[in-house]
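See structure below.
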Amino acid sequence: MNASLNWLSALLGTELEPTDVAHKLAMLGAPVESIEPLHQDLGDIIVAEVERVERHPNADRLTLCYVNNGVEVVEVVCGAPNVEAGKRYPYAAVGTVLPGGLKLKSRKIRGVQSNGMLCSASELALGADQDGIMELDTDAPAGTRLLDVLPVSDFRLDVEVTPNRPDLLGHKGIARDLGALMRRPVKLPPIPGAAGDTNAPVTTTGNGVVGGVEVSIDDVEGCPRYMAAVIEGVTVGPSPDWLVARLHSVGQRSINNVVDATNYALLELNQPMHAFDRARLGGSKIIVRRGGEGEKIKMLDGEERTLDSSMTAICDAHTATAVGGIMGGRESEVSEQTTDVVLECAYFDPKRIRSTRAALKMSTDASYRFERGTDLQGMADALRRTVQLIITIAGGSEPGPPVDVYPNPVKTPAIFLRPERVAHLLGVEIPQKEIEGYLTSLGFSVGPKNGRLAVHVPGWRPDVVREEDLIEEIARLRGYDSFPTELRPLRPSTVPSDPSQAAEALARRVFTGLGLHEAQSVSFGPQREHAFSIGESVESQDVLNPLSAEEAYLRTDLIEGLRQSVNRNWAVRERDIRLFEIGSVFGKRGDAEVPREQRRLSGVISGARRPAHWSESGPSVDFDRWDVKSLLDEAMRVAGIAGEVTEQDGRWVLRDSEGTWLGWAGEITMSGPPWAAPVFGFEVVMRQGVSRAVRFEAIPSTPPVERDIALWLPAGVQVDQVNEIIGKRGGKLLESAQVFDEFRSAGKRSVAWRLVFRSPDRTLRDKDVDVVLNKVLKELKEQLGVERREA
């Protein structure tokens with residue numbers, strides 16, 4: 001949103017500093033992306049009066065002008081034909097530097113000395129030339145600074161507006177937020193030369209008539225409210241300098257006084273409007289209806305577009321004259337021959353505008369605002385101000401009050417706010433009077449009711465729908481930096497955490513501990529089906545309003561998003577990749593049913609098994625399929641699932657006892673760069689409602705007894721087999737058994753264990769440990785042929 005600092009200053013009645021405004025808006029949640037100075041280089045240009053004009057003695061197309069600059073009368077040679085005696089023009093004296101860097105010098109032109117220059121609009125970077133030298137409509141005395149007469153020196157602020165704050169798309173909305181912070185009221189600046197007020201609209205739930213034009217709404221869903229005013233006897237022509245300067249300050253070009261008036265209302269009040277030529281409305285009717293299938297309309301941009309029944313059309317008695325909320329039609333546009341204007345002020349359904357804009361593949365200033373939501377309650381004020389502006393700058397009069405067709409009036413919603421809830425969420429007590437002050441400064445009406453505050457939300461804030469939204473407004477105005485940063489005392493809740501959240505937290509701790517980084521992928525993608533997705537044929541759930549064709553469906557697995565992350569890592573020459581993600585996948589149930597949702601844990605690994613180290617010789621060993629198999633086992637543990645793992649088509653597939661698919665692991669086929677390593681992945685279902693009780697044990701109070709034993713292991717005997725027997729025969733007194741050495745000699749293998757024995761209630765004696773140890777050695781010899789190696 002381009003905002004003019006001068007415009008904001010006029011609304012707040014005080015001079016504003018651009019950097020200070022940028023800081024305040026950032027604190028209010030609308031940061032300023034850039035500040036652009038406008039026409040700061042016109043400070044030396046003055047207003048001059050031409051006292052007389054003579055023909056140049058040596059040139060037919062030049063004139064010699066005697067210019068009063070407020071100090072003296074100087075001679076200026078001019079080539080423009082529109083200079084007249086007694087009128088005022090911008091004058092640049094000798095030594096002035098013009099926009100673009102040209103420094104003026106006194107020089108002879110065809111034998112006559114010229115001192116300075118009378119300037120055109122283009123030479124001052126104020127627009128294109130219209131009739132040569134720029135004529136000033138002012139009574140200011142000669143020598144007055146041009147910027148004092150024509151307030152074009154300004155700063156353009158590029159304000160970042162989030163989609164939930166459509167009110168900030170108008171200068172009044174930005175000024176309202178600033179005014180609330182600065183404790184200054186917002187007042188619309190007076191229109192120069194305005195004679196008086198205009199008629200208030202007359203509301204009707206049926207059809208209405210104004211100035212001989214009948215207005216009706218057939219498509220109430222697409223257009224809940226439609227106002228129209230008629231202005232007779234207008235003269236379409238150039239806009240006054242102040243209006244041109246206002247529009248230019250935000251990057252808008254002037255078209256004519258009527259169109260400029262509607263653009264002014266859009267930029268000031270965030271209310272798009274459209275002007276029709278009454279003489280070109282067939283049957284003197286305005287009918288708001290749905291478009292016909294295949295109906296054609298030639299729009300203001302010169303393009304012919306095809307409508308359908310999903311769009312709202314503004315029509316006369318015979319054909320469509322505009323696409324509601326998007327753009328007007330060429331057949332009814334205002335031209336220099338227009339004398340009677342029908343002014344439209346309407347509210348259109350945001351969803352309808354969004355879909356129409358997408359279908360017609362066109363975006364306008366009006367559609368940008370309508371699809372975010374305009375002020376349904378503020379239309380009357382916007383219409384009256386625009387009518388007043390048109391009458392002031394284009395002449396004419398109203399034959400009668402505007403008509404307001406409003407079939408189903410909507411009351412302003414009320415939200416109840418509890419001061420104790422404010423304190424609970426913000427962490428500090430805020431007096432009720434201060435709360436009321438913050439909200440009323442933003443335009444909310446507040447009244448106490450049964451210990452609470454009944455807050456009525458104004459129409460320009462469609463984003464405020466609940467109590468927490470009001471508390472956010474209080475926090476914005478109080479200042480986020482005013483809240484304490486230290487951790488306050490708290491009372492732990494007796495309500496246990498959701499088991500699924502605990503399981504996901506455990507999964508994050510475990511997999512980050514294993515060296516994987518958590519990734520987050522978008523939940524949208526193209527239509528896909530995978531045999532290993534949910535274990536059955538699953539139809540992708542389509543999205544009603546997709547961001548793009550590539551994101552038109554909800555995802556059916558997590559692994560595809562991680563595959564894209566792998567490609568992005570490869571694109572920056574990252575070979576070693578370890579990622580995991582916890583998220584939801586979806587499957588379609590039916591056309592009118594909520595899609596199935598399932599929480600998953602997924603991961604990918606590729607590249608070196610461990611980072612390179614200076615102490616190692618040669619390259620590090622890459623991951624292989626057994627590494628991802630171990631990750632699958634770990635995922636099953638933290639996800640709270642159990643089942644049978646079998647190999648199928650080169651992958652491990654996990655199913656429960658009933659054959660239901662629970663997950664998979666294996667190599668992923670990907671086309672990567674030559675230096676890339678194979679990619680392995682896994683994905684499992686996160687069980688809902690899994691809860692693990694935490695068991696605490698006291699620190700042992702009795703001393704341990706340690707025994708080291710070295711065992712000869714016959715060929716084919718594994719350490720796991722020995723551990724199983726040691727654990728079984730060691731009984732309750734065996735606390736731990738760990739391998740700490742291995743020795744090979746003459747084809748024989750010796751492995752050493754350290755056994756730790758402890759009793760929780762008494763001190764063990766050597767004979768107690770010897771009994772248990774002898775049982776272990778006897779069982780090892782009988783079962784595995786393992787013998788103790790004597791020292």
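Here are some conditions: (1) at pLDDT 95 or above; (2) open to solvent by less than 40 Å² (accessible area, probe 1.4 Å). SER249 meets all but one. Which one does it not meet?
Among (1) at pLDDT 95 or above; (2) open to solvent by less than 40 Å² (accessible area, probe 1.4 Å), the lone unmet condition for SER249 is (1).
Of these, GLU295, GLU303, GLU344, which one is crowded, with 17+ Cβ neighbours inside 10 Å and within 22 Å of LEU266 (Cβ to Cβ)?
Numbers: GLU295 fails: within 22 Å of LEU266 (Cβ to Cβ); GLU303 fails: crowded, with 17+ Cβ neighbours inside 10 Å.
Residue meeting the stated conditions: GLU344.
Any residue in region 734-756 that's under 17 Å from LYS775 (Cβ atoms): show its pairings with residues that are polar (S, T, N, Q) at Cβ separation under 7 Å, as long as the two are six or more apart or on different chains.
ALA737/ASN723; TRP753/GLN738; VAL756/SER736
With the structure loaded, tell me whether GLY643 is of a type outside the set (A, V, I, L, M) and touching a strand residue (DSSP E or B) at 6+ places or on another chain (Cβ under 6 Å) or whether it fails that test. Walk me through it before giving the result.
On the way: of a type outside the set (A, V, I, L, M): yes; touching a strand residue (DSSP E or B) at 6+ places or on another chain (Cβ under 6 Å): yes.
Yes.
Would you say ARG176 is touching a helix residue (DSSP H, G or I) at 6+ places or on another chain (Cβ under 8 Å), open to solvent by 10 Å² or more (accessible area, probe 1.4 Å) and modelled with pLDDT of 95 or more?
Yes: the conditions hold for ARG176.
Going through region 328-351 one residue at a time, which ones are of a type in the set (A, V, I, L, M) and over 28 Å from the mean Cα position of the chain (by Cα)?
Passing the criteria: VAL334, VAL341, VAL342, LEU343.
When the residues of region 584-607 are filtered to those that are touching a helix residue (DSSP H, G or I) at 6+ places or on another chain (Cβ under 8 Å) and either surrounded by fewer than 19 Cβ atoms within 10 Å (Cβ to Cβ) or not polar (S, T, N, Q) (or both), which remaining residue is farthest from TYR553 (Cα to Cα)? I'd like the intermediate steps shown before the answer.
Just the residues of region 584-607 that are touching a helix residue (DSSP H, G or I) at 6+ places or on another chain (Cβ under 8 Å), to begin with: 599, 601-606.
Those still in the list that are either surrounded by fewer than 19 Cβ atoms within 10 Å (Cβ to Cβ) or not polar (S, T, N, Q) (or both) too: 599, 601, 603-605.
Values: ARG599: 17, LEU601: 20, GLY603: 22, VAL604: 23, ILE605: 27 Å.
This residue is ILE605.
Out of the residues in region 306-327 that are closer than 19 Å to VAL209 by Cβ and surrounded by fewer than 24 Cβ atoms within 10 Å (Cβ to Cβ), state the one that is nearest to the chain's Cα centre (by Cα).
So, considering only residues that are closer than 19 Å to VAL209 by Cβ and surrounded by fewer than 24 Cβ atoms within 10 Å (Cβ to Cβ), the one nearest to the chain's Cα centre (by Cα) is ASP316.
Could you check region 552-573 and list, in sequence order, the residues that are open to solvent by less than 60 Å² (accessible area, probe 1.4 Å) and among the β-branched types (Val, Ile, Thr)?
Listed by number, the residues that qualify are THR556, ILE559, VAL566.
A quick yes/no check of all residues on (1) exposed (fewer than 13 other Cβ atoms within 10 Å of the Cβ); (2) under 30 Å from ILE415 (Cβ atoms):
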position	(1), (2)
ILE474	no, yes
TYR480	yes, yes
GLU486	yes, no
ARG491	yes, yes
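May I ask you to verify whether TRP664 is more than 16 Å from GLY515 (Cβ to Cβ), touching a residue at least 12 places away in the same chain (Cβ under 8 Å), outside any strand (DSSP E or B) and touching a Lys or Arg at 6+ places or on another chain (Cβ under 9 Å)?
Taking the combined requirement at face value, the residue does not satisfy it.
For region 507-523, name all the residues that are more than 32 Å from the chain's Cα centre (by Cα) and among the aliphatic types (A, V, I, L, M).
We begin by selecting, within region 507-523, every residue more than 32 Å from the chain's Cα centre (by Cα); these are 510, 513-515.
Within region 507-523, VAL510, LEU514 meet the criteria.
Sort out which residues of region 765-791 are touching a helix residue (DSSP H, G or I) at 6+ places or on another chain (Cβ under 9 Å), open to solvent by 80 Å² or more (accessible area, probe 1.4 Å) and within 20 Å of GLU742 (Cα to Cα), and write them in order of number.
GLU787, ARG788
Here are the criteria: (1) out of contact with any helix residue (DSSP H, G or I) (no Cβ under 7 Å at 6 or more places or on another chain); (2) under 19 Å from PHE511 (Cα atoms); (3) open to solvent by less than 60 Å² (accessible area, probe 1.4 Å); (4) hydrophobic (A, V, I, L, M, F, W, C). Tell me which single one TRP626 does not satisfy.
(3)
Hey, which of the strands (runs of 3 or more DSSP E) in region 1-98, taking only ones fully inside, have at least 3 residues that are open to solvent by less than 50 Å² (accessible area, probe 1.4 Å)? Walk me through how you get there before you give the answer.
Numbers: elements: 2-4, 32-38, 46-55, 63-68, 73-78, 88-92.
Of the strands (runs of 3 or more DSSP E) lying wholly inside region 1-98, those with at least 3 residues that are open to solvent by less than 50 Å² (accessible area, probe 1.4 Å) span 46-55, 63-68, 73-78, 88-92.
Would you check if ALA125 is free of Cβ contacts under 8 Å to residues at least 60 places away in the same chain and among the aliphatic types (A, V, I, L, M)?
no
Looking at (1) within 17 Å of VAL234 (Cα to Cα); (2) among the aliphatic types (A, V, I, L, M); (3) open to solvent by 10 Å² or more (accessible area, probe 1.4 Å), which one does VAL428 not meet, given that it meets all the others?
Here VAL428 meets the rest and fails (1).
May I ask you to verify whether VAL685 is over 59 Å from the mean Cα position of the chain (by Cα), in contact (Cβ under 8 Å) with a residue 12 or more places away in the chain and surrounded by 16 or more Cβ atoms within 10 Å (Cβ to Cβ)?
no
Out of ARG610, ARG651, report the one residue that is surrounded by 16 or more Cβ atoms within 10 Å (Cβ to Cβ), among the charged types (D, E, K, R) and modelled with pLDDT under 90.
Testing whether each residue is surrounded by 16 or more Cβ atoms within 10 Å (Cβ to Cβ), among the charged types (D, E, K, R) and modelled with pLDDT under 90 leaves just ARG651.
In region 516-528, which residue that is part of a strand (DSSP E or B) and either farther than 11 Å from ILE582 by Cα or not assigned by TED's automatic domain parsing to the domain that holds SER630 (or both) is least open to solvent (accessible area, probe 1.4 Å)?
Out of the qualifying residues, it is GLY525.
Which helices (runs of 4 or more DSSP H) does region 402-515 wholly contain that include 3 or more residues that are acidic (Asp, Glu)?
Per the criteria, 467-478.
Scan ALA531, ALA549 and give me the residue that is of a type outside the set (Lys, Arg), surrounded by 12 or more Cβ atoms within 10 Å (Cβ to Cβ), over 17 Å from MET686 (Cα atoms) and at pLDDT below 85.
ALA531
Of all residues in region 447-470, which are more than 21 Å from the chain's Cα centre (by Cα) and open to solvent by less than 40 Å² (accessible area, probe 1.4 Å)?
Hits for region 447-470 are GLY447, LEU453, ALA454, VAL455, VAL457, PRO458, GLY459, GLU467.
Please specify each residue of region 117-128 satisfying the condition of being surrounded by 13 or more Cβ atoms within 10 Å (Cβ to Cβ) and either at pLDDT 95 or above or on the phi < 0 side of the Ramachandran plot (or both).
Selection gives MET117, LEU118, CYS119, SER120, ALA121, SER122, GLU123, LEU124, LEU126.
The values are calculated or read from the model by the stated rules, or taken from the named source; none is laboratory data. What you see is a predicted model; the values in this text were computed from it and never measured. As a convention, Cβ positions derive from the backbone with ideal geometry for all residues, glycine included, and neighbour counts pool all protein chains shown. Heads up: the accessible areas ignore ligands, DNA and RNA and are worked out on the full protein's heavy atoms, side chains in. Shrake-Rupley method; radii C 1.70, N 1.55, O 1.52, S 1.80 Å.
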